[in-house]
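Right, one structure below, let's go through it.
The values are calculated or read from the model by the stated rules, or taken from the named source; none is laboratory data. On a predicted model such as this, the values are computed, not experimentally measured, just so you know. As a convention, Cβ positions derive from the backbone with ideal geometry for all residues, glycine included, and neighbour counts pool all protein chains shown.
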Amino acid sequence: MKTSYKYCIEKIELMIKRSKTKIIFPLITYGLITDFLNENKVVFTDNEIKKSYEKAVNKFKKILGHDIHIGGKYYDAYPSRNLPKYGVLSVVANKKYRLSENYSENANKLTKDIPRLVKSFINKKLGCISLLANPKERFEKSKDAHTFIALIENQIEINPTNFEIFCFAILKVHLEKFACKIYRDTRTSAHDKGVDISTNFGVIFQIKKLKLMNESSAKNVYNELKVNFSNDRLLDGNIILIIDDISKEVKSYLINMKVQTISKSDLLKLSKQLEVEDRMKVLIIVYDEFNREYKSDI
């Protein structure tokens, strides 16, 4: 039989795992149990929950040393629908909620565990991204080519979003040398959906963290491109795929279909050609893109 503490931890871990661009529910929970400990408060109005959450966000900014991936917008559906699913709250009246005994009984432990779990998750997801806000840190990671390339290689393997943003930053800095501009939509990707990058010269880059090693997988991708883009754009060769890896045979197949590809190894070769100033530009673009997508709304 699970203890109430184990139950709470499993629910917190599930909340964190399900977080996408912002971690919200663990911070609301942290705010509620903190208010319980400080004020012996177990019943909260919707407005009190919102204020408690905002205090928690500000505290987590100090704990983390940044405000990326926390502090999403608060909605009144959270205490009425979402948090009861995790056993944190129960509804007692219109916009009035009670903190469950499971969480109040384990409040002391949870106020230590929630920051630890959130910090571990964000550090694993972001890698060194939060440090790139500091110009000195960007210089330290850019002054040596081997250090810079190692950072790129490590970061693009973390998850699809890192792959997309680093690819975008490298291409952006490279293409600026030819007076070409590219633009990335602010949205989180899925493993197989990809994200589009538009340009001022008629080409669309689509980034997919996929390995295309056989013709069957290439056909699937090409069929998807046919659904998403006009025949004219495809036939004019204005779609370029940025992918993890590709075999020579598949690369030739796609070239015959008027689709060019850029692989991870191609991007690393581009990165090796960059001077220190350009490397620093790549890192500030990376930070800005993460900040734009994940920065706290509070």
Residue hits (the stretch 75-110; among the polar types (S, T, N, Q), surrounded by 15 or more Cβ atoms within 10 Å (Cβ to Cβ) and within 18 Å of residue 5 (Cβ to Cβ)) are 100, 102, 104, 106
Of (1) surrounded by 14 or more Cβ atoms within 10 Å (Cβ to Cβ); (2) in contact (Cβ under 8 Å) with a residue 12 or more places away in the chain, residue 137 fails just (2)
When restricted to 181, 258, the only residue in contact (Cβ under 8 Å) with a residue 12 or more places away in the chain and closer than 30 Å to residue 145 by Cβ is 181
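Scan 207, 170, 152, 165 and give me the residue that is touching a helix residue (DSSP H, G or I) at 6+ places or on another chain (Cβ under 8 Å), not in a helix (DSSP H, G or I) and not charged (D, E, K, R). Working first, answer last.
Numbers: 170 fails: not in a helix (DSSP H, G or I); 152 fails: not in a helix (DSSP H, G or I); 165 fails: not in a helix (DSSP H, G or I).
Testing whether each residue is touching a helix residue (DSSP H, G or I) at 6+ places or on another chain (Cβ under 8 Å), not in a helix (DSSP H, G or I) and not charged (D, E, K, R) leaves just 207.
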Restricting the stretch 251-296 to residues that are charged (D, E, K, R) and within 16 Å of the chain's Cα centre (by Cα), the one surrounded by the fewest Cβ atoms within 10 Å (Cβ to Cβ) turns out to be 292
*Among the residues of the stretch 104-121, is any among the aliphatic types (A, V, I, L, M) and not in a helix (DSSP H, G or I)?*
no
Notebook entry, point to check: Has the stretch 46-57 got at least one residue that is crowded, with 20+ Cβ neighbours inside 10 Å, under 14 Å from residue 103 (Cβ atoms), of a type in the set (Ser, Thr, Tyr) and in contact (Cβ under 8 Å) with a residue 40 or more places away in the chain?
Noted result: no
| said: Taking the conditions exactly as written (surrounded by 14 or more Cβ atoms within 10 Å (Cβ to Cβ) and at pLDDT 90 or above), does residue 197 satisfy them or not? | reply: no
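Determine, yes or no, whether residue 278 is closer than 30 Å to residue 71 by Cα and not hydroxyl-bearing (Ser, Thr, Tyr). Don't jump to the end; show me each part of the working.
On the way: closer than 30 Å to residue 71 by Cα: no; not hydroxyl-bearing (Ser, Thr, Tyr): yes.
Considered against the rule, which asks whether it is closer than 30 Å to residue 71 by Cα and not hydroxyl-bearing (Ser, Thr, Tyr), residue 278 comes out as no.
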